[in-house]
Amino acid sequence: MSPDPTSQQLDEETPLLRSEGNALAKKPQTPLPWRQFSMVLVLQIAEPMTSQVISPFAPQLIRDIGITHGDEALVSFYVGLLHSLFFATEALTIFHWSRLSDYIGRKPVLLIGLFGLSLSMFCFGLSKTFWTLVISRCLNGALNGNIGVMKSMVAEMTDSTNMARAWALLPLAWSSGATLGPLIGGGLARPADRFPNIFGSSEFLKKYPYFLPCAVPATVSALSWIVVFLYLKESQTSTPPINISQLLPWKRRAIVPSPALETPPVSSSIGDKPVPIRALFGLDTPAIGTILAVQGTANGIMQILAFAKLHDIMGAKKLWLFAMTCALPMVALFPVLNTLARFSGVVQSIWYLVALQLALTSCTNFAYGVSFIYIAAASPNRASVGATNGFAQVIVSVLRAVGPAAANSAFSISIERQYLGGNLVYCVMEQMECFALLFGFLALAASQ
């Protein structure tokens, strides 16, 4: 008689996805551990809130500190640099944090990450020079290994019967952070000027006009630290060694299909692309924050309501191709919006096109969900979930670091030198999407 699989101890040879597909399909769904899982959902809010809270006021902050010396074309470059620094430093450290969590547990690493988020945001709000902004942003990314660890915790809290249900809820938390961040940044920046009756007498807020929007996510992270320390239970139970070569694509290993992938995890990576409204000039900080918040809300709703159904109808590869196809008109709307706004002002038709672009952006983000299907199946065993998610997150963080800096720099160069009327950056982005679609169609043809 074969031993009961539930009684076997996890080690480096234990598969993450088991092969008894039919047996698993007949099992009743295991209830989610809501008390623990809800804490992970709250933690999921912290990173997008921290990364997006600076988006509405970052251009004005760059102007205020004087690093551009009045050259408006350099504003986009420095804004993109601030966004990229977070993900660049995160890329250098996140695998090590995730791998460390395989040895010392998830909870200690989460506590370190929350402390880093809180400390760095307070420092960012108190910064008065560009280099202190750089140090604060680098500290923010270097001490934040939570995103990979949280994905590992979700994998350990669930099994094949409820994994899809848990992953479907994560975008709601992520979108909440991506929605609240811009609202906080746009609504609370320069409070002494915007709310003189309340904050007008505060010399501190006059001296540090961006401290208040930074202090809110910093305080949320500090409160989350207390909750995690007191109530979150450790989910990691095994600590076998694993070599990084086991995670590389040329290291062959069998990945067993699982019913858990039939309703795939939904991407929680949003807000890491150039935002459509930044192509329009003349909008104030609260307006930018509101539009970014609408984008985050719309993306969360679309992911939750439509992703799983579209995946069942189209399949993973075709859904990915559909998402990338939506990116073509989404990017094409950048110069269209800019041209219309310059000639006719921000009229009602502009807002209709902005709404269309936000919808296309939400559809484009379906591509992330498809990617997470394969990442979820890529771990060689449950004991190396942290290392696998950390390794994948390194790639994500590198691209997030390169993307904003490259796009904003190309935008600045296009405007400064008037390549293709200032629209060269959009042509480059369209070419990149065409290459991605070409590889996608080739992969689809090869699989048929």
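The values are calculated or read from the model by the stated rules, or taken from the named source; none is laboratory data. All values derive from a computational prediction rather than experimental measurement. Cβ: placed from backbone, ideal geometry, glycine included. Neighbour counts: every protein chain shown. Remember, those area values only see protein heavy atoms, side chains included, never the ligands or the DNA or RNA. Shrake-Rupley method; radii C 1.70, N 1.55, O 1.52, S 1.80 Å.
Read through the list (1) loosely packed, with under 12 Cβ neighbours inside 10 Å; (2) polar (S, T, N, Q); (3) modelled with pLDDT under 65, then give the number of the only condition that S267 fails.
(1)
Restricting to segment 181-192, name every residue that is closer than 14 Å to F57 by Cα and either out of contact with any Phe, Trp or Tyr (no Cβ under 8 Å at 6 or more places or on another chain) or among the aliphatic types (A, V, I, L, M) (or both).
Selection gives G181, P182, L183, I184, G187, L188, A189.
Return the residues of segment 196-208 that are more than 17 Å from G125 (Cβ to Cβ) and assigned to a loop (DSSP other than H, G, I, E, B); say none if nothing qualifies.
G200, S201
Quickly run through segment 115-141 and pick out the residues that are of a type in the set (A, V, I, L, M, F, W, C) and either surrounded by 20 or more Cβ atoms within 10 Å (Cβ to Cβ) or over 30 Å from L74 (Cβ atoms) (or both).
F115, L117, M121, F124, L133, L139
Find all pairs meeting these conditions: Cβ atoms under 7 angstrom apart; at least six residues apart or on different chains; first residue within segment 54-76 and closer than 15 Å to S412 by Cα; second residue assigned to a helix (DSSP H, G or I) and among the acidic types (D, E).
If the second residue must be assigned to a helix (DSSP H, G or I) and among the acidic types (D, E), the pairs left are A73/E416.
Of the residues that make up segment 13-32, is at least one of a type outside the set (F, W, Y), part of a helix (DSSP H, G or I) and modelled with pLDDT of 80 or more?
For segment 13-32, residues of a type outside the set (F, W, Y), part of a helix (DSSP H, G or I) and modelled with pLDDT of 80 or more: absent.
Select from segment 330-348 the residues that are open to solvent by less than 60 Å² (accessible area, probe 1.4 Å) and out of contact with any Ser or Thr (no Cβ under 7 Å at 6 or more places or on another chain) and list them in ascending order.
Across segment 330-348, the qualifying residues are V331, A332, L333, F334, P335, L337, N338, A341, G345, V347.
Can you report the number of residues in segment 200-235 which are of a type in the set (A, V, I, L, M), within 26 Å of the chain's Cα centre (by Cα) and open to solvent by less than 60 Å² (accessible area, probe 1.4 Å)?
The qualifying residues number 8.
So which of L100, L43, L92, L82 is under 18 Å from the mean Cα position of the chain (by Cα) and open to solvent by 40 Å² or more (accessible area, probe 1.4 Å)?
Exactly one of L100, L43, L92, L82 is under 18 Å from the mean Cα position of the chain (by Cα) and open to solvent by 40 Å² or more (accessible area, probe 1.4 Å), namely L92.
Are there any pairs, at least 6 apart or on different chains, whose C-beta atoms fall under 8 Å, with the first in segment 427-448 and among the acidic types (D, E) and in a helix (DSSP H, G or I) and the second at pLDDT 85 or above and surrounded by 13 or more Cβ atoms within 10 Å (Cβ to Cβ), and if so, which?
Sorted first by the residue in segment 427-448, then by its partner, the pairs are E430/L328; E430/V331; E430/A332; E433/M324; E433/A327; E433/L328; E433/V331.
Determine which member of the set I65, I54 is modelled with pLDDT of 85 or more, more than 30 Å from T158 (Cβ to Cβ), of a type in the set (V, I, T) and open to solvent by 30 Å² or more (accessible area, probe 1.4 Å).
Checking each option against the conditions leaves just I65.
Collect the residues in segment 68-78 that are surrounded by fewer than 24 Cβ atoms within 10 Å (Cβ to Cβ), in a helix (DSSP H, G or I) and not aromatic (F, W, Y), keeping them in residue-number order.
Matches in segment 68-78: A73, L74, V75.
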